[in-house]
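The values are calculated or read from the model by the stated rules, or taken from the named source; none is laboratory data. Just so it is clear, the model here is predicted, and its values are computed rather than measured. With ideal geometry, Cβ positions are generated from the backbone for all residues, glycine too; neighbour counts draw on all protein chains shown.
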Amino acid sequence: MKKKIAILGSTGSIGKTTVEIIKKDKKNFDVILLTANNNLKEISKQVNYLKPKNLVINNKKIYFKLKKKYKKINIFNNFDHFFKKFNQKVDYTISAISGLSGLQPTLDIIKHTKNVAIANKESIICAWNLIERELKKNNTKFIPVDSEHFSIWYLLKNKKIKSVEEIVITASGGPFLNWKVNKIKKATPRFAIKHPNWSMGKKISVDSATMMNKVFELIEAQRIFNLDKSKFKILIHPQSLVHAIVKFDNGLTKLLIHDTNMKIPIFNTIYDNSSKKINSKKLQIKHLNNLLFKKIDLKIFPSIKILKYVPKKISLFETIIVSCNDELVDLFLKKQINFWSIHVILKKILNLNEFAKYKRITPYNTRQIYKLSEYVRLKTKTLSIRSPK
Ligand code: NDP
Ligand code: MG
C-alpha cells in the first residue's frame, strides 16, 4: 500500500531533500500535502511531478497564481482553512517550515499523522511540552530530523535513557572556524552563509557561523531526550562525519557516522525499520584516520555562552532567545547590523530585567508564544537600530 505523506515547507532545503527521496520511489507514495510560502517556481515543479492532493500556500499572490493554474488540487491560503477541512490521517509528515511560523502547523498536523519527523528546531525549543502533549494524545510517533538528534535517537534505540552517562554533540565550526576574531567581526553575509560542509537555508547557516545553532541543538536535545544539560558536551569536529557520541553506563560508547548531508537522516526517518537502501559514500581510511575533535574557543564563538541563560525546565525564556536571535540574523542578512553585533545585542536583550520572569513560566499555548515572540522581535529591532554598527 502507498504511504501517505505530508511535507510542511516542501520548497526549503529540508523540504527539497525530502522531495528528492520520495521522487525516487514515487510509486510507493501518495503525496497528501505540500506547503510553501514564496517559491512559486519550486512548488510548481513539485506539483507537476508529485501531484499532491492539497497545497497550503501562505503568500497570497502565489496562492492566487497557483489556484488559477491547478484546478484539480485543493489549494488553501493558510493552515487554518486547510485544517478545518482536512479529516484524514497520513502515515508520515516532515515538519520543515523555518522559524516559529512552523510551530502551529506542526502541532496541528500531529492529529493527522501516524509519524512526525520534526526538523523545525524552533517548535521543539519553544514548545516541546505542547508537542509532547499532542504526540501522547494522538498516539503519534516522533522522530527528530536534525542530524545530531537523529543520531542520538538512533544510538538510543532499545536503550534505557537512565543508562546514558554522557552525550557529545558535534559542531563543524562553520565558515569562521579558522578565522581571526578581527576578521570575523567584519564578516559579511556572503561569507557567513558559506558553510564548509553543509548546504542549508540562510538562517541556519548564519546560526552555524555564530554557533547559536549548537546552543539551539543543545536545548533541543535536552528537551527531546529529557536529560540534564550537564550530560551534554559540544565538541568541534570539522569533518562533520561523526554526528553524535553516546557513552552508556555499561562502559560502552557508541558513535554514529554518516555522510554530511541531510539525505541520510531524512531517508532513515521515512524508511525506519525498512530494507530500503540508499547510496552513500564508501568509508575511507583517510577520513577515519583524520577524525579530529576539539573544544570550542569561546573567543571565536562567544555565542555559546548563551547556554548559561537556558533554564533547566522548558520556559517562555527560550522563545525570547529564539526570537531575538531570529530578528538579529534577519537584520544581519539585510546588512543592518554587523556579524559580531548578533551575540552582543542578544546578550543585552537576555539580560533585560523585564524578561527574567519568563524563565519561570511554562508555555501553555501558542498564542502566548507568538505574542511574546512578536514583542521581542520589535524590541530587538528598536535596540539594534539604535546600537552602533
Ligand atoms: P529554508 O529556509 O530552506 O526553508 C524554509 C521553508 O519554510 C520553505 O519551504 C519556505 O517556503 C517555508 N516558509 C518560510 N516561512 C514561512 C511562513 N511564514 N509560512 C509558511 N511557510 C514558510 O529552511 P531549512 O530547510 O534550512 O530549515 C527548515 C527548518 O529545519 C528550520 O527550523 C531549521 O532550523 C531546521 N533544520 C534545517 C537543517 C538544514 O540542513 N537545512 C538541519 C536541521 C534542522 P518558501 O521557500 O516557498 O518561501
Ligand atoms: Mg544539526
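At a glance:
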{"item": "Total residues in the stretch 164-175, condition farther than 22 Å from THR269 by Cβ and either part of a loop (DSSP other than H, G, I, E, B) or aromatic (Phe, Trp, Tyr) (or both)", "result": "3"}
{"item": "Answer from LYS16, LYS61, LYS67 - the residue that is surrounded by fewer than 17 Cβ atoms within 10 Å (Cβ to Cβ) and farther than 20 Å from PHE83 by Cα", "result": "LYS61"}
{"item": "Selection count where residues are near ligand 1 (Cβ under 10 Å from one of its atoms) and either at positive phi or part of a loop (DSSP other than H, G, I, E, B) (or both), scope the stretch 118-163", "result": "4"}
{"item": "Qualifying residue in the stretch 60-76 (condition: within 30 Å of TYR375 (Cβ to Cβ) and within 20 Å of the chain's Cα centre (by Cα))", "result": "no"}
{"item": "Residue check, LYS305 under 21 Å from the mean Cα position of the chain (by Cα), charged (D, E, K, R) and closer than 23 Å to TRP179 by Cα", "result": "yes"}
{"item": "Subset of the stretch 84-99 [within 23 Å of the chain's Cα centre (by Cα) and of a type outside the set (Asp, Glu)]", "result": "VAL90, TYR92, THR93, ILE94, SER95, ALA96, ILE97, SER98, GLY99"}
{"item": "Looking only at the stretch 241-264, and only at residues there that are within 14 Å of LEU283 (Cβ to Cβ) and in a loop (DSSP other than H, G, I, E, B), the one that is farthest from ligand 1 (Cβ to nearest atom)", "result": "LEU241"}
{"item": "Condition check for ILE21: hydrophobic (A, V, I, L, M, F, W, C), closer than 20 Å to VAL116 by Cβ and more than 16 Å from ligand 2 (Cβ to nearest atom)", "result": "yes"}
{"item": "Options ASN250, ASN226; residue that is away from ligand 2 (no atom under 14 Å from the Cβ) and at positive phi", "result": "ASN226"}
{"item": "The stretch 201-226 - residue that is crowded, with 17+ Cβ neighbours inside 10 Å and assigned to a loop (DSSP other than H, G, I, E, B) and, of those, modelled with the highest pLDDT", "result": "MET211"}
{"item": "Matching option when the condition is within 15 Å of SER10 (Cα to Cα) and surrounded by fewer than 20 Cβ atoms within 10 Å (Cβ to Cβ), among LYS89, LYS51", "result": "LYS51"}
{"item": "From LYS203, LYS231, residue being away from ligand 2 (no atom under 14 Å from the Cβ) and either touching a strand residue (DSSP E or B) at 6+ places or on another chain (Cβ under 7 Å) or of a type outside the set (A, V, I, L, M) (or both)", "result": "LYS231"}
{"item": "Close pairs from the stretch 258-269: first charged (D, E, K, R), partner more than 9 Å from ligand 1 (Cβ to nearest atom), Cβ under 8 Å, at least 6 apart", "result": "ASP259/SER280; ASP259/LYS281; LYS263/GLU20; LYS263/ILE21; LYS263/ILE278"}
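Conditions (1) near ligand 1 (Cβ under 9 Å from one of its atoms); (2) touching a Gly at 6+ places or on another chain (Cβ under 9 Å); (3) closer than 20 Å to ASN120 by Cα, marked per residue:
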{"position": "LEU8", "(1), (2), (3)": "yes, yes, yes"}
{"position": "THR17", "(1), (2), (3)": "yes, no, yes"}
{"position": "ASN58", "(1), (2), (3)": "yes, no, yes"}
{"position": "PHE64", "(1), (2), (3)": "no, no, no"}
{"position": "LYS72", "(1), (2), (3)": "no, no, no"}
{"position": "PHE83", "(1), (2), (3)": "no, no, yes"}
{"position": "ALA96", "(1), (2), (3)": "yes, yes, yes"}
{"position": "GLY102", "(1), (2), (3)": "yes, yes, yes"}
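The rows are residues; the columns are (1) more than 13 Å from ligand 2 (Cβ to nearest atom); (2) farther than 20 Å from VAL242 by Cα.
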residue: ASN120; (1), (2): no, yes
residue: ILE125; (1), (2): no, yes
residue: TRP128; (1), (2): yes, yes
residue: SER147; (1), (2): no, no
residue: ILE161; (1), (2): yes, yes
